[in-house]
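Chemist: Here you go, one structure.
The values are calculated or read from the model by the stated rules, or taken from the named source; none is laboratory data. Treat the numbers as computed from the prediction; the structure is a model and nothing was measured. Using ideal geometry, Cβ is built from the backbone for each residue, glycine included, and neighbour counts are taken over all protein chains shown.
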Amino acid sequence: MSNYYPLDEKEAILYLKKTGIIPDSSTPIAEEIGDGNINMVFNVFDENKSVIIKQAYPYVRCVGESWPLSIDRIRIEADALEIQTKIAGDFVPKIYYRDNTMALFIMENLSHLSLMRLGMIKMAKYPQFTDHISTFLANLSFFTSDFHMNPIRKKELVKQFINPDLCKITEDLIFTDPFYDCERNNVNPPLRSYLEKVFWKKEYLKLESAKLKYKFLTNAQCLLHGDLHTGSIFVNENETKVFDSEFAFVGPHAFDMGLLFGNILINYVSWDGKDYSEDLVKDYRDYLFYTLEDIYKQFIEKFTKNWKAESNEIMITSEEYLHYYLEHFFSDMIGFASLVMIRRMHGLAHNIDIDEIVSPEVRKDIQIKVLELAEELLMKRNKFRNDINAVIQCVKQNIY
Ligand code: SR1
Ligand code: MG
């Protein structure tokens with residue numbers, strides 16, 4: 001870390017001037033605007049330009065210096081962005097400048113877009129999102145996999161994205177902590193008795209989490225975003241930009257879509273705890289179902305198209321193999337979605353979709369509904385057999 005120093009607002013301006021991105025004569029303003037859990041984010045702007053500087057401090061922002069974290073995560077994020085730019089460039093922010101020593105990069109300001117999670121808690125709909133995100137997922141996962149890549153280069157990719165600190169966060173926060181009374185959990189007090197008397201006693205849930213955790217630990221299938229929840233996506237009616245790839249690594253293909261679907265399902269359940277008319281809730285829930293269905297349908301079409309046109313590994317190009325592969329993909333995807341629903345109820349980091357429910361008692365009721373739905377999906381995941389409608393029916397039977 002010899003030439004590394006953490007920026008504050010003043011240093012951010014001086015740094016930006018040194019890069020030449022804004023001229024020395026300018027008198028810009030800098031604001032720290034990061035509201036994520038991990039990094040510092042500065043918006044620096046003058047009358048002509050507005051850019052974002054993202055920098056890693058050597059610890060987890062939301063916890064502090066007691067939780068050290070490698071600053072190499074910014075090198076990984078910038079490397080991931082460069083690859084995403086090549087294969088899904090319309091759907092990621094533009095990087096203007098990067099500096100691995102300072103653990104920072106400078107990128108375009110996307111403030112004309114909304115954070116998807118904040119839009120979704122107001123029932124916003126995004127007509128282009130399913131098309132955009134299915135392209136992002138199908139291209140990123142296919143072109144960084146052994147289906148397409150030269151096997152020597154693929155192993156170099158695995159090496160380039162060894163991301164132990166950030167993977168450890170996921171290993172703990174998604175697959176481990178939520179299944180016992182871990183000190184790091186953030187439990188809504190009225191939910192505690194349900195967790196102690198019911199949820200933490202279900203040994204079969206721990207077994208299912210163990211099976212998926214082992215896949216996360218060992219399945220180096222393709223380059224993942226690694227933290228693809230609705231707070232990692234900026235959107236409006238016409239544009240989609242996926243950001244915050246610091247969790248990127250080469251891992252199980254189904255993980256990214258699972259995270260996204262789990263977050264959409266949390267939003268789906270959350271309406272039971274909010275004061276909206278039945279008609280509005282039904283309409284928005286239908287939109288969420290359409291979103292899940294259309295992402296999956298388009299993803300399969302686009303992934304299959306890539307497969308037919310661009311596969312290079314001759315042993316795995318038969319239709320039978322594709323079918324076998326996608327069936328496993330689907331059950332793992334629903335498994336990861338279920339675990340993400342669980343971790344956001346009482347793990348360290350929650351979702352505003354549920355946390356904005358003011359009454360702790362009402363929130364507890366909704367958290368239990370999410371936990372019960374997640375359990376049902378987790379336990380049935382191998383029976384859905386690549387059928388997103390079967391998943392939707394299962395959700396409807398539990399919550400409608
Ligand atoms: C300590 S980091 C907590 C969570 O924030 C990130 O967005 C990831 O989802 C991580 O698990
Ligand atoms: Mg993030």
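Chemist: Would it be correct to say that Ile169 is under 16 Å from the mean Cα position of the chain (by Cα) and within 30 Å of Asn186 (Cα to Cα)?
Modeler: Against the criterion (under 16 Å from the mean Cα position of the chain (by Cα) and within 30 Å of Asn186 (Cα to Cα)), Ile169 qualifies.
Chemist: Let me ask something additional. Regarding the stretch 352-365, can at least one residue be identified that is closer than 25 Å to Thr130 by Cβ, part of a helix (DSSP H, G or I) and more than 16 Å from ligand 1 (Cβ to nearest atom)?
Modeler: Scanning the stretch 352-365, I find no residue that is closer than 25 Å to Thr130 by Cβ, part of a helix (DSSP H, G or I) and more than 16 Å from ligand 1 (Cβ to nearest atom), so the answer is no.
Quick grid of which residues meet (1) within 20 Å of the chain's Cα centre (by Cα); (2) within 28 Å of Asp146 (Cβ to Cβ):
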position	(1), (2)
Ile264	yes, no
Ser270	yes, no
Asp279	no, no
Asp283	no, no
Asp286	no, no
Ala309	no, yes
Asn312	no, yes
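Chemist: To continue, here is another question. What are the pairs with Cβ atoms under 6 angstrom where one residue, in the stretch 347-360, is surrounded by 16 or more Cβ atoms within 10 Å (Cβ to Cβ) and the other, located anywhere, is of a type in the set (D, E, K, R)? Sequence gap at least six, or different chains.
Modeler: Short answer, once both residue conditions are applied: Gly347/Asp177; Leu348/Arg184; His350/Arg344; Asn351/Arg344; Ile357/Arg363.
Chemist: Next question, about the same structure. One residue is enough: does the stretch 85-98 have a residue meeting the conditions in a strand (DSSP E or B), at pLDDT 95 or above and touching a Gly at 6+ places or on another chain (Cβ under 8 Å)?
Modeler: no
Chemist: For the stretch 21-79, which residues satisfy the criterion of being of a type in the set (Asp, Glu), farther than 18 Å from Asp227 by Cβ and either out of contact with any helix residue (DSSP H, G or I) (no Cβ under 9 Å at 6 or more places or on another chain) or at pLDDT below 95 (or both)?
Modeler: Asp24, Asp46, Glu47, Glu65
Chemist: Right, here's the next one. So is Phe105 closer than 22 Å to Asn163 by Cβ, of a type in the set (A, V, I, L, M, F, W, C) and surrounded by 20 or more Cβ atoms within 10 Å (Cβ to Cβ) or not?
Modeler: Yes: the conditions hold for Phe105.
Chemist: All but one of (1) among the small types (Gly, Ala, Ser); (2) in a loop (DSSP other than H, G, I, E, B); (3) more than 16 Å from ligand 2 (Cβ to nearest atom) hold for Ser270; state the number of the condition that does not hold.
Modeler: Here Ser270 meets the rest and fails (2).
Chemist: Does Ser193 satisfy the condition of being assigned to a loop (DSSP other than H, G, I, E, B), hydroxyl-bearing (Ser, Thr, Tyr) and out of contact with any Phe, Trp or Tyr (no Cβ under 8 Å at 6 or more places or on another chain)?
Modeler: The answer is no for Ser193.
Chemist: Continuing with this model, one more query. If I filter the stretch 225-234 down to residues being touching a strand residue (DSSP E or B) at 6+ places or on another chain (Cβ under 9 Å) and under 24 Å from Phe143 (Cα atoms), which single residue comes out as nearest to ligand 2 (Cβ to nearest atom)?
Modeler: The extreme case among them is Ser232.
Chemist: For Leu378, state whether it is of a type in the set (A, V, I, L, M), surrounded by 15 or more Cβ atoms within 10 Å (Cβ to Cβ) and not in a helix (DSSP H, G or I).
Modeler: No, not satisfied.
Chemist: Further question: For the stretch 12-25, state whether one or more residues are exposed (fewer than 13 other Cβ atoms within 10 Å of the Cβ), touching a residue at least 12 places away in the same chain (Cβ under 8 Å) and away from ligand 2 (no atom under 16 Å from the Cβ).
Modeler: No, the stretch 12-25 contains no residue that is exposed (fewer than 13 other Cβ atoms within 10 Å of the Cβ), touching a residue at least 12 places away in the same chain (Cβ under 8 Å) and away from ligand 2 (no atom under 16 Å from the Cβ).
Chemist: Then there is this: Could you say whether any residue in the stretch 317-324 is without any contact (Cβ under 8 Å) to a residue 40 or more places away in the chain, surrounded by fewer than 16 Cβ atoms within 10 Å (Cβ to Cβ), within 30 Å of Leu280 (Cα to Cα) and not aliphatic (A, V, I, L, M)?
Modeler: No, the conditions are met nowhere in the stretch 317-324.
Chemist: Ok, one more. Count, please, the residues in the stretch 18-37 that happen to be more than 13 Å from ligand 1 (Cβ to nearest atom) and within 21 Å of Ile71 (Cα to Cα).
Modeler: Adding up the residues that qualify gives 3.
Chemist: For the stretch 150-177, name all the residues that are among the aliphatic types (A, V, I, L, M) and part of a loop (DSSP other than H, G, I, E, B).
Modeler: Ile162, Ile174
Chemist: Could you list, in sequence order, the residues of the stretch 38-83 that are more than 14 Å from ligand 1 (Cβ to nearest atom), closer than 27 Å to Val158 by Cα and small (Gly, Ala, Ser)?
Modeler: The answer is Ala78, Ala80.
Chemist: Starting from residues that are over 13 Å from Ile342 (Cα atoms) and of a type in the set (Ser, Thr, Tyr), keep the ones in the stretch 177-211 and report whichever is surrounded by the most Cβ atoms within 10 Å (Cβ to Cβ).
Modeler: Tyr194
Chemist: Show me the strands (runs of 3 or more DSSP E) entirely contained within the stretch 1-64 in which 1 or more residues are under 21 Å from the mean Cα position of the chain (by Cα).
Modeler: Answer list for the stretch 1-64: 40-45, 50-55.
Chemist: Sort through Val281, Val242, Val250 and tell me the only one that's closer than 27 Å to Ile366 by Cβ and β-branched (Val, Ile, Thr).
Modeler: Val281
Chemist: Within the bounds of the stretch 275-296, is there any residue that is within 16 Å of ligand 2 (Cβ to nearest atom) and among the polar types (S, T, N, Q)?
Modeler: Looking for residues that are within 16 Å of ligand 2 (Cβ to nearest atom) and among the polar types (S, T, N, Q), one finds none in the stretch 275-296, hence no.
Chemist: Another question about this same structure. Take Arg73 and decide whether it is of a type in the set (Lys, Arg) and within 15 Å of the chain's Cα centre (by Cα).
Modeler: no
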